[in-house]
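Shown next, in structure tokens, is the structure this report addresses.
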Amino acid sequence: MRITTFLAVTLMLLGLFTPERAQAQDFFKDRKLYLNEDGSNYVKFTFMAQAWLRNQDYNPGTTVNGVPQDNGTDIGIRRYRVQMYSQLTDRVFIYTQFGENNFNNVSDRKQGFFVHDVMGDYAVEKEKLSLGMGLSGWSGLARFAAPSAGTILGVDAPLFQQSTNDVTDQFLRKLSVFAKGKLGKLDYRIAMAKPMAIQKSANYNPAVTPNATFSADPPDMQWNGYFQYQFKDQESNLTPYMTGTYLGKKKVFNIGAGFIYQKDAMWHLGTANDTIRENMVHLAADIFYDAPTGDRGQAISAYGNITHYDFGKNYIRNAAVMNPATGSNNPAILNGSGNGFPMYGTGTVLYGQVGYKLKDNLIGKTTIMPYVAMQHAQYDRLNESMKFYDIGVNWLLASHTSKLTLSYQNRPVYNTTGDQIERKGAFIAQYQVFFN
């Protein structure tokens with residue numbers, strides 16, 4: 001039904017432009033449908049698909065439909081996106097995005113296609129201030145709290161920056177009122193968001209324990225902000241999603257800082273068996289450099305981040321990207337089933353990634369871009385640091401439009417007392433097609 005509606009709207013919009021009119025006044029250019037003669041008002045559509053082939057070792061105790069499994073190979077759709085947005089007037093902008101994430105052989109069928117974003121904004125003062133509202137990725141904290149999925153440096157973004165992903169938001173998107181703009185070289189975004197009900201999140205557990213979890217009380221407003229000073233080329237803030245790498249097409253050097261705050265977002269049991277409520281406070285600072293390094297298309301991309309998370313006493317949360325498992329028979333494993341590991345927690349995280357694009361036309365008309373990324377976290381709940389590694393190479397068949405990424409990831413496994421007991425690895429091949 002949703003796809004049918006989308007196609008109907010698309011055909012209606014296309015019907016506004018007859019072949020004669022488009023030919024006479026050139027109303028389709030730069031992959032946009034122009035609404036006026038100079039092209040300042042337009043409608044644009046984009047499409048993206050990322051498919052994964054993966055072999056990995058599973059966490060101890062993993063089961064797939066009740067059958068114990070310690071290793072497996074799976075195929076899945078990591079992301080599918082359709083964007084439709086329009087500069088309707090010189091001041092009015094509307095943006096929508098929908099698609100699917102993490103669809104594999106154990107997923108519910110015909111259920112994953114959903115709205116990611118739907119929001120509009122009004123330019124009160126062009127470039128300097130726009131105000132908007134809706135379901136969107138205008139969030140706080142750090143650069144890749146809202147990553148541009150089609151331009152990610154490696155096989156995935158630093159997902160830990162999406163601090164409430166699918167817990168009190170919808171796949172990082174929040175119901176919010178936001179302000180954004182540029183004051184000279186200072187790019188800013190501020191948002192007031194209403195957290196979504198924790199009761200609707202996956203794996204919701206109403207129990208209050210000695211370790212902090214998200215409160216089931218009606219939530220207070222959440223406040224978000226991210227500010228970055230752009231020393232070199234200026235980046236677009238038309239949408240909230242930040243580019244992973246420009247592949248040498250720009251020279252960008254930014255320093256940023258951000259926050260997320262929510263009063264009484266967390267709770268846990270006190271020593272007297274009473275319920276103690278705590279504020280959620282996240283602070284981050286980062287640096288981004290992406291620029292050409294030679295005269296034959298070479299380029300470097302580097303990003304560094306420090307984040308302090310305060311989710312309350314001993315908070316920890318696992319993430320399992322496109323988890324191929326359905327359960328676990330080992331309650332002593334903190335990671336849970338499949339490929340889960342403690343990505344989020346109260347404590348401090350250091351993150352870095354760097355990639356280098358070799359010269360153009362290295363292999364025929366294609367080239368490669370190796371990269372490495374690491375998340376190093378000191379979480380209060382764990383007895384030793386959490387280190388997650390991602391090492392890989394992009395084969396740029398046609399820039400980001402068509403690329404094959406090969407990656408090796410390595411993650412730690414912990415028991416419920418917080419001790420690391422072993423490490424597990426995964427090999428991933430991702431093919432991306434991106435019409436932008």
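No value in this document is a laboratory result; all are computed from the given coordinates. Keep in mind the model is a prediction, meaning the values are calculated, not measured. Methodologically, a virtual Cβ is constructed for each residue, glycine included, from the backbone with ideal geometry; neighbour enumeration extends over all protein chains shown.
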In a shell of Cβ-Cβ distance under 9 Å around residue 345, excluding residue 345 itself, what net charge do Lys and Arg (+1) and Asp and Glu (-1) give?
+1
Sites residue 28 and residue 257, calculated FRET efficiency, Cβ-Cβ separation with R0 35 Å, nearest 0.05:
0.25
At the level of C-alpha centres, the distance separating the range 41-119 and the range 226-290, in angstrom, is 23
How much mean residue ellipticity at 222 nm does the chain get from its helices, if each DSSP H run of length 4 or more adds -39500 (n - 2.57) and you divide by all residues, to the nearest 500 deg cm²/dmol?
-1500 deg cm²/dmol
Report the Cα centroid-to-centroid distance between the range 379-436 and the range 134-189 in angstrom, as an integer.
20
Please report the net charge: other residues with Cβ closer than 12 Å to the Cβ of residue 171, K and R +1, D and E -1.
0
About the Cα centre of the chain, what is the dipole size in debye to 20, counting +1 per Lys and Arg Cβ and -1 per Asp and Glu Cβ, all else neutral?
780
Most packed first (mean Cβ within 10 Å per residue), the peptides 205-211, 296-302 order as 296-302, 205-211
Evaluate the relative contact order of the chain (contact order divided by residue number), counting alpha-carbon pairs under 8 angstrom at least 6 apart; express in whole percent.
14
Taking the dipole of the range 31-435 about the Cα centre (Lys, Arg +1; Asp, Glu -1; charges at Cβ), the one of 223, 46, 329 that reaches farthest to the positive side is 46
Fewest-first ranking of 395, 138, using other Cβ atoms within 10 Å as the exposure measure:
395, 138
Among 423, 109, what is the fewest-to-most ranking by other Cβ atoms within 10 Å?
109, 423
Give the residue from 155, 256, 201 lying farthest towards the positive end of the charge dipole for the chain; charges sit on Cβ (+1 for Lys and Arg, -1 for Asp and Glu) and the dipole is referred to the Cα centre.
155
Let me spell out the model: positive unit charges on the Cβ of Lys and Arg, negative unit charges on the Cβ of Asp and Glu, origin at the Cα centre of the range 37-174. What dipole size does that give, in debye rounded to 20?
60
Relative to the longest principal axis of the chain, what angle (0 to 90°, nearest 10) does the C-alpha long axis of helix 2-15 take?
20
Determine, for 131, 172, the number of other Cβ atoms within 10 Å of each Cβ, and report the residues in order from fewest to most.
131, 172
Please list, in order along the range 350-358, the HN-Hα scalar couplings obtained from phi with the Karplus expression 6.51 cos²θ - 1.76 cosθ + 1.60 (θ = phi - 60°), rounded to whole Hz, x for Gly and Pro.
10, 9, x, 9, 8, x, 9, 8, 6
Calculated from backbone phi, Karplus (6.51, -1.76, 1.60) coupling profile of the range 281-296 in Hz, x at Gly/Pro
9, 10, 10, 8, 9, 8, 9, 9, 9, 8, 7, x, 10, x, 9, 10
Dipole of the chain (Lys/Arg Cβ +1, Asp/Glu Cβ -1, origin at the Cα centre): which of 116, 140, 271 lies farthest to the positive side?
116
